[in-house]
Each structure stands twice: as C-alpha cells, then as structure tokens.
Amino acid sequence: MTSSRHLARGCAIAGVALAAMASGTAGAADGRYIVKFRDLQGAAAAVQAAGGRVALELGPQRALAAHLPAAAVEALRRHPRVEYVEVDARRYPLAQSVPYGIPMVQADDPVFTGNAASGSNTTVCIIDSGYQRAHEDLPDTNVTGTNDSVSGNWAEDSCGHGSHVAGTIAASNNNLGVLGVVGNGKLHLHIEKVFNGADCGWAYSSSLVTALNRCVAAAGSNRLVINMSLGGSTASRTERSAFDNAYANGVLPIAAAGNDGSTRTSYPAGYAGVVSVAAVDAAGVVASFSQQNSDVELAAPGVGVVSTTPFKASTLSAGGESWIGVDMDGSARTSVTGTLVDGGECTAAGAWAGRVVLCRRGTVSFAEKVASVAAGGGVGAAIYNNVAGGFAGTLNGSSAIPAISMSDTDGAAALARVGSVATLDNTAGTGNGYEAYDGTSMATPHVAGVAALVWSLNPARSAADIREALQLTAIDKGTAGRDNAYGYGIVQARAAHERLQTPVADTAPVLGSVSAVRKKGKTYARLGWSGGSSAQVDVRRNGVVVQTTANDGSTEDGPLNSGSYGYQVCVAGSATCSGTVFLSF
Ligand SMILES: [Ca+2]
Ligand SMILES: [Ca+2]
C-alpha cells in the first residue's frame, strides 16, 4: 500500500481578527469629498452656494475638503472652475497585530528581541506548499527554495498552507500584518514545495525524503530545523531511517501530531528522531482535534492562529465601510453589487431580486441560507455569526452566488448600513491576506521557530541538547508530568534558552577494572571504564596524566616495570575523576 502525507490542518479558517487592517472604500456615505479647483478664489463660496460645508482647505493643492449633499456633488462636478470631485477616502492607522501564540511561547522576550544574533546561522526548512514571496509581511531576503517539476515554483503558494506556516515562523517585525517567532529577518528560510493545487493535495513519502535531503544540502554549515506541518497514518521504513539518521547527524526535525482527534500515531511525527507537536488554544487547553498518543512531545498554539496567506481578502463594503469576511467553502468566487438588505436567518426566500442579503447564522445550514437567498433573486449572501468572533463555513457543495462569513460585530455594523449600496467581493486572487487557521500544522511552526531561536543563541549545543531543553522547560499541562495530550507541555523559548546558558556539571567516569596484559614479553595495564560527560578522558597513573584519549571505555598504558600503580580516568582537562584502582605485578 502506498502511503501519502496530508496537510495537518483542521477545520481551516476560524475567523479573522484584524479589524484594524480593514480599509474603507465604497462611496462617501458620510458625505465628505475633496473638491479640486483651478484656483481657490471664490472656491469656498462655490461650495457653500451648492449647499456644502467646507471642512479643510488644501492651499498648495488648490482643493477643499467639504461635506456635500448628493445634489451638491453633481452641481460642483459641472462647475466650470472645478477640475474634479472625489471621495475623501478614509485612512486607518497601520499596526502590527501580535498573534497570541508569540507571547505564549516567549518568542517576544527581550532576551531574543534585544539580541541581534537571534536567528542567525540557523536554517528552518519548511516542507509544505510553497512560500508567497511577494507577500508584504514575509521576508524576501535570506530565503531560498527548490523548484520542483511536480509542485512548481517554490516562491508561489497556491493553497496558502505553507505561507501561513512561514508567517508563524518568520513574519517580519514591522508596522503591518502579524509577527512571527523570529521577526528580525536573520533566520535563513529554505522552502521545499511538495504540495500543490488549490487544496494542497498530498505528496509521496519518497518526495518528503527527497525534500529532507535538499534541506540538508541547502542548510550548509547552518544549524538545521525542519518544519513538517503534515503527516499520514502509515509508517515508512525509508522515511523512518532518513529522519532518524538526520537527527543522529545533528538535524532537528519537527512535525505535526495530526488533526484526527484520535489516539493514532501520525508519521513522520511518530519516528523517534522527530519531535511530535500537539495544538492548544489561546487558553492553553489542548484542541479537540489534536491527536493524543505516547509520541506527543510538545504543545504549542494551534487554534485561531492568525498568519500570512497569499489570498486577497473577501470583503463586504457598504455605506463607506468595509469588513473582511471569509470565503465559504463552495462559494462562487465573484464580486456582486446591490442594495444591502436584512434577511434575518434566511430560512426562506424573500423578495431579494438584485440585493445583497445579510443572514444571521443559526436554525438552518449555511447551504440552505444561501439557497434561499439565490431563490429570492439575491446576488450575494453574507452570513454573520450568532456568537462572538468569526467562523469558517462550508456549503457542502457549490453555489452560483458568492457567500462569505463574517464576525458578529461586523454583522452588526453591516446591519446598520442596510438600504445602502453594497459590494460583496469574493473574488479569488493573490494578495496580502491574513487569516486564522486551526491545526497541529499551526502549532508545529511555533516549536520549529522556538527551536531555531534558542539554537541560534546557543550555537555550540547539539540538536539533542535543544530538544532536551525544550522538553525540560515546557509548561506542564494536563496530568502532572509528560502526558499523551500535551507531551511535556507548552514550549517556552526563554526558559529553554536560560537552561542552555547554564553550564552542565561534569560527571566523572567510573573505572571498573585494571588488569595486566603481556605483549611481546612486556607488561601493559588494560583499563576498562564507563560514563564520564566528556568526549575525551585523561588517564592518570599515580596522579600524573599519562594519556588523553577518546572516551570509548578502554585503553592500555605501558610498557611498565613491575611494581604497584594507582589508576584514575578523568574528564579531560579537569579534576573530575574516577576512584583509584590499583594494579600490582
Ligand atoms: Ca509584521
Ligand atoms: Ca502533563
């Protein structure tokens, strides 16, 4: 049987919480316009004569901002000294929204943001659906990738999954969009594109192994973390040995625990050499979809994670306001315009010919609501939530008219604009999108980003050291100690870093035996020991170092004259030594 690897993404989009990023567009419902004159002499009088009220004079531009009734707009457009009249469009403060997961995993701690070395000489390889390089909030430099004849151009992302993962790891610390775990651009990202198509589809296990090989080659001398927000239920011998060997060779692979809500093990997360990541919500509670088994190792934010997507946002605009909604699965991807009406719960068709209809969530399915709107002649449906927040919905089929979901608060704001002309724009296309997704796919990049961040500031440590520090410093959740829902708990960047900064105390070797052996008529001492925290040991004879050798458990010393000798084995260059064992002959 052929195994395949699917995206580990749960119920997709769970609402959009970036109201500050919405921009006002349609019309000047508040009646404010900019009127451009050939010269300003008599301009204010002309505005007043037309029934308007001047708000602001723009001298160098020879223009006035003014509140104008509709009739005045038309009159001024025909005025011989007026060049044009345009809507005085709204501008909003640009702000970066910090997703809740960033502080939850301590990624914004000053120990990292205040250190210019954070992220440097470290690579995160993202094996996914590509990377929307043109996105305004994703790094454009320090990014490499591999084009693939099957999956296409790595710098484009047809389904959005890979770009969402990448944003959680590395969205830029600037004045827009979101913030990633490493936002300073120092982290090297390498993109391996194994998924393609609008739904991302699936990839073969062999493609995943090829991607791993390319990640290793691309990382060069950098420390390498691999992000795999993917998995499947069938193990593969080839894949297992590839990832276990990579880990043994100093690579840190991290994968999603899976979204089935079952106790099944998912692969590659299930291999010993791969860290398996569970998903928690903003309250730190394990998500219902997050798979629970003995392989789960760490937990991280994976519910309602806002990050970067390559898609143009779906919007409803009316009366000078615009709200960001979410495309309903199966909806037509078109833009329509019509008078906005309140359809209640849209349980039955109304007289909605040519209208854009607002529907409240509840009582009947989304598909039935949209069918009612279409049957009533409506040109588009915007379904707003009946509880707090946004939501993602499916029509379990397709509709000829566009349908989007909206949050409860945006729905209430739209209801206040009923009667005005509305545009429901659900066209698909590339753009600087931001969406909230659910899934262990979203938890995985939090851990990968934290591992890279911590490793970059502790460059002498091994992949095994980083892994151990993440385990030992995670916030314990659920039943005390490691458990199958949370693993060791929620990953903590600062705590792991501090643990790695503390020097580890040496432990002494244990010298088990010293015996005399004869070779070519001469006598040697043969030593056998175990333990010791160093790669090399000193052999001491009567307190004097006579040999420094590999800590491999045995060596010989000599030739020796007959007598009595006291031997010790010590951590190289230290006084951390075994007890003394005597040899007399
Ligand atoms: Ca940003
Ligand atoms: Ca626990």
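Overview of values
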{"quantity": "Residue, nearest to Asp30 (Cα to Cα), within the range 316-339, restricted to residues that are modelled with pLDDT of 90 or more and assigned to a strand (DSSP E or B)", "calculated": "Ala318"}
{"quantity": "The range 340-362, residues that are out of contact with any strand residue (DSSP E or B) (no Cβ under 7 Å at 6 or more places or on another chain) and over 20 Å from Asp410 (Cα atoms)", "calculated": "Ala348, Ala349, Gly350, Ala351, Ala353"}
{"quantity": "Qualifying positions in the range 356-375 - at negative phi and open to solvent by 10 Å² or more (accessible area, probe 1.4 Å)", "calculated": "Arg360, Arg361, Val364, Ser365, Phe366, Ala367, Glu368, Ala371, Ser372, Ala374, Ala375"}
{"quantity": "Any hit, the range 413-425, residues being open to solvent by 20 Å² or more (accessible area, probe 1.4 Å), farther than 30 Å from Arg361 by Cα, away from ligand 1 (no atom under 16 Å from the Cβ) and in contact (Cβ under 8 Å) with a residue 40 or more places away in the chain", "calculated": "no"}
{"quantity": "Test result for Gly114, open to solvent by less than 40 Å² (accessible area, probe 1.4 Å) and either under 15 Å from Ala493 (Cβ atoms) or more than 16 Å from ligand 2 (Cβ to nearest atom) (or both)", "calculated": "no"}
{"quantity": "Subset tally (residues that are part of a strand (DSSP E or B) and open to solvent by less than 60 Å² (accessible area, probe 1.4 Å)) for the range 44-60", "calculated": "3"}
{"quantity": "Set Gly553, Gly543: member being of a type in the set (Gly, Ala, Ser) and more than 56 Å from the chain's Cα centre (by Cα)", "calculated": "Gly543"}
{"quantity": "The range 179-205, subset open to solvent by 30 Å² or more (accessible area, probe 1.4 Å) and either within 16 Å of ligand 2 (Cβ to nearest atom) or modelled with pLDDT of 95 or more (or both), residue farthest from Val124 (Cα to Cα)", "calculated": "Asn184"}
{"quantity": "Test for Val447: is it within 28 Å of Gly390 (Cα to Cα), at pLDDT 95 or above and either outside any strand (DSSP E or B) or more than 16 Å from ligand 1 (Cβ to nearest atom) (or both)", "calculated": "yes"}
{"quantity": "Criterion (assigned to a strand (DSSP E or B) and surrounded by 15 or more Cβ atoms within 10 Å (Cβ to Cβ)) met by exactly one of Ala392, Ala382", "calculated": "Ala382"}
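The values are calculated or read from the model by the stated rules, or taken from the named source; none is laboratory data. Please read these numbers as outputs of a predicted model, since none were measured by experiment. Cβ sites come from the backbone with ideal geometry, for glycine too, and all protein chains shown count toward neighbours. Heads up: the accessible areas ignore ligands, DNA and RNA and are worked out on the full protein's heavy atoms, side chains in. Shrake-Rupley method; radii C 1.70, N 1.55, O 1.52, S 1.80 Å.
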